[in-house]
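A.B. asks: Take this structure, written in structure tokens, and hold onto it; I'll ask about it next.
What follows draws every value from the coordinates through simple rules; no lab data is involved. The shown structure was predicted, so the numbers you read here are calculated from the model rather than taken from an experiment. In this analysis, Cβ positions are derived from the backbone assuming ideal geometry, glycine residues included, and neighbour counts consider all displayed protein chains.
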Amino acid sequence: MSAGGFNRLPNGSVVVALTLPRPGQDGPGGCSKVRVLVHAVNRARALTRLRNLGLRAVYLRGNTEPPTPDEITAVLHHPDGLLWRAAPGSREELWHPIRALLRPAVG
């Protein structure tokens, strides 16, 4: 189950924030969760954007962890409208584009 939430913006679009298991990382070692931010026209479209990237089991149940104002600002200023960072995130870690999360591991 993923924790998350959303905020509706004045223009009608939404920012959805989800805490998800990190793709391709098994076990308790290291950071096993990521915080993903999506800017979209509505909640359904935001979840569809993630599912189209291969994150199939993504659901938003409730609004327990909506995006913070800093998270909203970050995703609105990114051209793709899709960002992630380790969760729980430290304020020192920068946001990463979603393609960096889904890239296959080299090695």
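A.B. asks: Name the single residue that is nearest to W95 (Cα to Cα) among those in region 48-76 being assigned to a helix (DSSP H, G or I) and β-branched (V, I, T).
C.D. replies: If we take residues in region 48-76 being assigned to a helix (DSSP H, G or I) and β-branched (V, I, T), then V75 is nearest to W95 (Cα to Cα).
A.B. asks: Name the single residue that is surrounded by the fewest Cβ atoms within 10 Å (Cβ to Cβ) among those in region 72-88 being small (G, A, S) and over 8 Å from H39 (Cβ atoms).
C.D. replies: The selected residue is A86.
A.B. asks: For region 34-59, enumerate the residues that are over 15 Å from P21 (Cβ atoms) and either in contact (Cβ under 8 Å) with a residue 12 or more places away in the chain or in contact with a Pro (Cβ under 6 Å, 6 or more places away or on another chain) (or both).
C.D. replies: L37, V38, H39, A40, V41, N42, R43, A46, L47, R49
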